1. Could you grab me the full set of residues in the range 141-150 that are within 9 Å of the ligand (Cβ to nearest atom) and exposed (fewer than 13 other Cβ atoms within 10 Å of the Cβ)?
2. Could you pull out the residue among 84, 113, 132 that is assigned to a helix (DSSP H, G or I), among the β-branched types (Val, Ile, Thr), farther than 15 Å from residue 145 by Cβ and not assigned by TED's automatic domain parsing to the domain that holds residue 68?
3. Which of the residues spanning the range 38-51 are over 16 Å from residue 9 (Cβ atoms) and surrounded by fewer than 19 Cβ atoms within 10 Å (Cβ to Cβ)?
4. Within the set of pairs 6+ apart or on separate chains, which have a first residue in the range 7-36 that is farther than 16 Å from residue 192 by Cα, a second that is part of a strand (DSSP E or B), and C-beta atoms under 8 Å apart?
5. Would you mention how many residues in the range 47-72 are under 20 Å from residue 25 (Cα atoms) and of a type in the set (A, V, I, L, M)?
6. If we only count strands (runs of 3 or more DSSP E) wholly inside the range 151-203, which ones have 1 or more residues that are on the phi > 0 side of the Ramachandran plot and within 14 Å of the ligand (Cβ to nearest atom)?
Amino acid sequence: MPALSIALPKGRVLESAVELLERAGVGPLDGLLHSRRLIWDLPAGAGGTPGYVFRFVLAKPWDVPTYVEYGAAVLGLAGKDVLVEREKPVAELMDLGVGRCRMVLAVPAGSPVRSLEDIHFPWRVATKYPHVATRFCQRWGVQAEIINLQGSIEVAPLVGLADAIVDITETGTTLRENGLRVIAEVLPVSTRLIANPVLHKVHREAVEQLSAQLRQVVQVVDPNAGHAAGGITTWSRGEADAGHSVGGTGGAAGTGDSSPGAAGHLAGVGRER
Ligand code: PRP
């Protein structure tokens with residue numbers, strides 16, 4: 001029986017992804033949350049298109065687009081942050097509405113910098129997202145040296161490694177507890193359903209069936225709602241989405257991608273950890 005393979009991100013987003021899939025009628029999947037097994041084959045009748053079975057592959061969030069790019073999985077769930085940073089040739093099918101957070105530019109609370117206009121070279125920005133940070137700085141005419149770190153980004157300005165950070169914030173706790181203040185929003189982030197542009201067509205019926213099931217349960221939220229208040233500069237969604245086109249596959253299908261810049265752009269989603 002043919003299998004529809006889906007790469008899932010391990011970590012914080014996994015639980016909400018599993019919950020979403022189960023609400024869409026796929027599963028049960030709860031065993032996947034409490035195991036070290038990395039491949040899960042569901043039996044026939046576990047949701048989706050009759051005559052198909054589901055195979056779930058658990059991967060590091062940063063690696064999900066790579067699995068999909070190479071066809072090791074037909075579909076994947078990946079964060080918009082990772083998709084924009086990695087620019088892999090995958091198609092975005094849908095905003096799944098989970099893993100919502102923001103990528104922001106933040107400075108120490110005591111910094112004289114209140115807005116992008118206050119920034120003068122030499123300025124150093126620490127980030128896990130060097131590509132996104134570079135594009136953001138170019139877009140706003142900020143001259144900065146980008147320092148690529150792998151984690152604990154918030155510590156960099158506290159020890160003199162950088163003047164600012166570009167990083168993800170969800171609850172705001174990490175910024176607050178490390179005395180950092182947001183001066184600009186770089187990118188609204190959420191988890192997206194992505195597809196291999198070729199295999200997605202090979203398995204069209206099964207992909208469309210699953211997409212339809214997901215669409216029934218996805219909560220549509222304006223990604224920019226409530227984020228741009230207080231004089232915070234926001235990188236528009238169109239600019240953020242101006243990544244690589246993937247031959248028109250997927251593109252703006254699904255929820256929340258009706259902006260002109262979204263058509264045919266790179267997939268985007270949840271928070272990658
Ligand atoms: C992420 C992110 C922030 C933190 C923000 O880090 O890089 O550090 O979460 O979350 P909050 O706003 O809810 O506090 P992660 O947990 O992935 O660890 P890392 O620092 O090792 O990347």
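1. Within the range 141-150, the subset within 9 Å of the ligand (Cβ to nearest atom) is 149-150.
Of everything in the range 141-150, just one residue is within 9 Å of the ligand (Cβ to nearest atom) and exposed (fewer than 13 other Cβ atoms within 10 Å of the Cβ), namely 150.
2. Numbers: 84 fails: not assigned by TED's automatic domain parsing to the domain that holds residue 68; 113 fails: assigned to a helix (DSSP H, G or I).
None of the others qualify; the one that does is 132.
3. Hits for the range 38-51 are 41, 43, 44, 45, 46, 49, 50, 51.
4. That search, which allows pairs on different chains as well, returns 26/54; 29/40; 29/56; 31/40; 32/8; 32/40; 32/56; 32/58.
5. 3
6. Passing ranges: none, list empty.
Here is a yes/no grid of residues against (1) closer than 30 Å to residue 126 by Cβ; (2) at pLDDT 95 or above; (3) touching a His at 6+ places or on another chain (Cβ under 7 Å):
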{"position": "19", "(1), (2), (3)": "no, yes, no"}
{"position": "24", "(1), (2), (3)": "no, yes, no"}
{"position": "34", "(1), (2), (3)": "no, no, no"}
{"position": "53", "(1), (2), (3)": "no, no, no"}
{"position": "71", "(1), (2), (3)": "no, yes, no"}
{"position": "85", "(1), (2), (3)": "yes, yes, yes"}
{"position": "99", "(1), (2), (3)": "yes, yes, no"}
{"position": "106", "(1), (2), (3)": "yes, yes, no"}
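The values are calculated or read from the model by the stated rules, or taken from the named source; none is laboratory data. From a predicted model like this one, the values you see are computed outputs, not experimental measurements. As a convention, Cβ positions derive from the backbone with ideal geometry for all residues, glycine included, and neighbour counts pool all protein chains shown.
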